[in-house]
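**Student:** The structure follows.
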Amino acid sequence: MRHLIALLACSFVTMSASANDIEPSAARLAASVSRPASAALPAKATISPATAIAASAKKAVLVPAAAASEEKDGKEEEAEVALSAKIAERLAELRERQQARATAAARAKKVADARRRQDEQAAAAAAAIAAAPKHGTVWSYEGETGPANWSKINVDWGKCGTGNRQSPIDIRDGIKVNLEQIGFDYHPSSFSEVNNGHTISVTVGGGNFITVGNQTYELQEFHFHRPSEERVNGKGTEMVIHMVHRSAEGKVAIVAVLLERGQPHRLMQTVWDNLPLEKFETVSPSVVLDPLDALPEKREYFTYMGSLSEPPCTEGVLWLVFKQPRQASPAQMALFSRLYPLNARPVQSTGGRMIKESN
Ligand code: ZN
């Protein structure tokens, strides 16, 4: 019995050193172990470990050694061994459970740490993408990729947002002067055309020039907008043709021909007759067109310095806008409006720029 008391005391030392949640189990164990050895002790589940030890010890002292028979001694020894084994087994169980809990907690912490690291990496990657320079190429005339957001789509399109010499503008309060005539050296030429997703664009074969002042520019390409991008004293027209020229040094001059409803437009008809079936497919018809057919009869014009009216909105562009519109038939206009009902950038601030116009 003394061995049992020592073992019990040992187990309490071990248990009190363990985690708090083991203590209730230790109390139950002590209670169940002490019950068979002490008939006087009430079997209460709430009995404290200390009371159990004291009761067992008291019982051990109270049993008179002389009165105990050999047979009784033998049974006690047996019971003691069985109890020792039971206690050892329960202790092992408790330790095992505690170990399992500790392992599970460590595993959970590891998973949580890994998840936190993953979240941190994802946040850092998102921040890097947000801060990285944009190189988008998709733009349009409406919605999220529309004119108000062009400068945010591509780092090289900043002028679309911050430029102060942008096009188109509302042309008014021009200075009337004797502007020299634009010299046109145009002739029938081969061409190719494409529906580029923004307009119908016609690339003209080489050798078509204009001369303004002492500068010569070669016609590269012309295209259409609906409605006209330019306004004159607040008024636009139904469409406009932009004829884009480039000098040997890379300077750009754009001739704008406003279009209003009336007689059929020969050059426009040639372009419409050869429209590609698919977007982005370039066709090179076997016929020729004469860029002179694009021009109005009278050659008075407005002129100002502006920009490309589409991304990248490059400035330093010489604009030459004919005062007299040319006509195109309602059917010709309707055909374009089926492809592009709206492909015009809104007018930009003039910002005190000088506008000159022919007398
Ligand atoms: Zn244009």
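**Student:** Would you mind working out the magnitude of the charge dipole of the range 150-358 relative to its Cα centre, with +1 at each Lys and Arg C-beta and -1 at each Asp and Glu C-beta, to the nearest 20 Debye?
**Tutor:** 660
**Student:** In the range 150-358, with Lys and Arg counted as +1 and Asp and Glu as -1 at Cβ, which of these residues, VAL347, ASN274, LEU295, has the Cα nearest the positive end of the dipole, that is, farthest along it?
**Tutor:** Result: VAL347.
**Student:** Under the rule of at least 5 residues apart or a separate chain, name every residue whose amide H is placed under 5 Å from the amide H of LEU259.
**Tutor:** GLU238, MET239, VAL240, ILE241, ARG326
**Student:** Considering Cα pairs under 8 angstrom that are at least six residues apart, work out the relative contact order of the range 150-358 and quote it in whole percent.
**Tutor:** Value for the range 150-358: 30 percent.
**Student:** Based only on other Cβ atoms within 10 Å, what is the fewest-to-most ordering of HIS198, HIS245?
**Tutor:** So the ranking, lowest neighbour count to highest, is HIS198, HIS245.
**Student:** Based on alpha-carbon centroids, what's the gap between the range 270-292 and the range 232-259 in Å, whole number please?
**Tutor:** Their Cα centres are 20 Å away from one another.
**Student:** Sort GLU357, GLU96 so that the residue with the fewest other Cβ atoms within 10 Å of its own Cβ comes first and the one with the most comes last.
**Tutor:** Fewest-to-most ranking of GLU357, GLU96: GLU96, GLU357.
No value in this document is a laboratory result; all are computed from the given coordinates. The shown structure was predicted, so the numbers you read here are calculated from the model rather than taken from an experiment. Neighbour counts are summed over all protein chains in view; Cβ atoms, including those assigned to glycine, are modelled from backbone coordinates with ideal geometry.
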